[in-house]
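The values are calculated or read from the model by the stated rules, or taken from the named source; none is laboratory data. Since we're looking at a predicted model, the values are computed, not measured. Here Cβ is always computed from backbone atoms with ideal geometry, including for glycine, and neighbour counts include all displayed protein chains. The area values use the complete protein model at the heavy-atom level, side chains included, leaving out ligands, DNA and RNA. Shrake-Rupley method; radii C 1.70, N 1.55, O 1.52, S 1.80 Å.
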Amino acid sequence: MSLLSAPTTPHALASPVSASSWWWPLVIFVLGTPLWLQLWEPTLFITINQWCAPLAAEFWTGLSLLGNGWGLLAVTAPLLVFAPRLMVAWLCAAPFAVLFARTGKFFIESPRPAAVVDNAQMRVVGELLHNVSMPSGHTLTAFAVASGIYYALTVAQRRRHWWLLVLAAGTGLSRIAVGAHWPGDVAVGASLGLLAGLLGHQVWIRLPSTQFAPTAWGVRIAAVLVALSIFHLVTEDLDFAENHRTQMVLTVVAVTSLLVYLWRLLASTFQKK
């Protein structure tokens, strides 16, 4: 990061990231060493999975939806209207999240819990998955988006929005609850997700403030992606059939947000004329 010129944009000065923040991905990775080395498996996975079992499947699949790209676009669609700069912020982190997730799954052929644990000892929700376990892509995505938004806030705002990272942690826990990932996959996903968010922040703080206007191409692309998310929400089950009702609610949120954004975009265009 020292090779990059110091950002001087107003939003960069209002949303600084301390040097210590860059240590958090490494701290989580190191503390999670016993997990990704699977020193306590399969006992730890079974314990957490069974501990989560009393809660309805829809609760966990809903949290898991926060790690699905199409679901996240719908959840964050209101940002198009209320805070475009935050929408752009997490989209800056998204490419890094995709890179880390795809690279990890390409090079690490680790079995999923269902391929190792007696399925009678665990709760499995949705499709029975057997391979490409490390890292948890949903956890990685959730932390990338949450941290991308979190670090784009001012220091004062961050004190009130710590729950963003708690939600991301909930997504990670949900991946164990539905029987899709080991705790180690979640720990590594959280570590890489935070790193993706921090790297995305470095891109975001160097964007001119004009890129956050409704007419800016970055925001327009975000609107197109929200429109695509609406299509996926309506035409398919995102990860789980149990998410159907949640997807319908998110469809209403995304459609409403998109319509308001388009109305403001047209109003802005006509005002310029």
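May I ask you to give the solvent-accessible area per residue for the range 139-273, in square angstrom, as obtained with a 1.4 angstrom probe? Write out the running numbers ahead of the final one.
Working: 5950 Å² over 135 residues.
Here the residues of the range 139-273 average 44 Å² of exposed surface.
Rounded to the nearest 20, the Cβ-based charge dipole of the range 154-241 about its Cα centre (Lys and Arg +1, Asp and Glu -1) stands at 560 debye.
In this structure the range 40-113 gives 47 Å² per residue of accessible area when probed at 1.4 Å with all protein chains present.
Multiplying the residue separation of His244 and Asp118 by 0.36 nm and subtracting their alpha-carbon distance yields 42.5 nm.
Among complete DSSP H helices in the chain, those whose alpha-carbon atoms stretch at least 24 Å along the helix's long axis and whose mean Kyte-Doolittle hydropathy reaches 0.5 are 84-107, 183-204, 217-235, 244-272.
Karplus-based coupling profile of the range 129-135, in residue order and whole Hz: 9, 10, 9, 6, 8, 9, x, with θ = phi - 60° in 6.51 cos²θ - 1.76 cosθ + 1.60 and x standing for Gly or Pro. For the range 127-176, the relative contact order is 49 percent, taking Cα pairs closer than 8 Å that sit 6 or more residues apart in sequence and dividing their mean separation by the residue count. Heavy-atom surface analysis with a 1.4 Å probe gives the range 1-84 a carbon and sulfur content of 74 percent of its accessible area.
How much of the accessible area of the range 115-233, probe 1.4 Å, is carbon plus sulfur, in whole percent? Don't skip to the end; give the middle numbers.
Values: 2980 of 4400 Å².
After summing per-atom areas, the C and S share lands at 68 percent.
Give the calculated FRET efficiency between Val234 and His161 to the nearest 0.05, with a Förster radius of 30 Å applied to their Cβ-Cβ distance. Efficiency for this residue pair is about 0.50. Mean-square fluctuations from a GNM of the chain, with a 10 angstrom spring cutoff on Cα atoms, peak among Thr103, Thr235, Thr251 at Thr235. Residue order by solvent-accessible surface for Trp23, Trp51 is Trp51, Trp23, largest first, with ligands and nucleic acids left out and a 1.4 Å probe.
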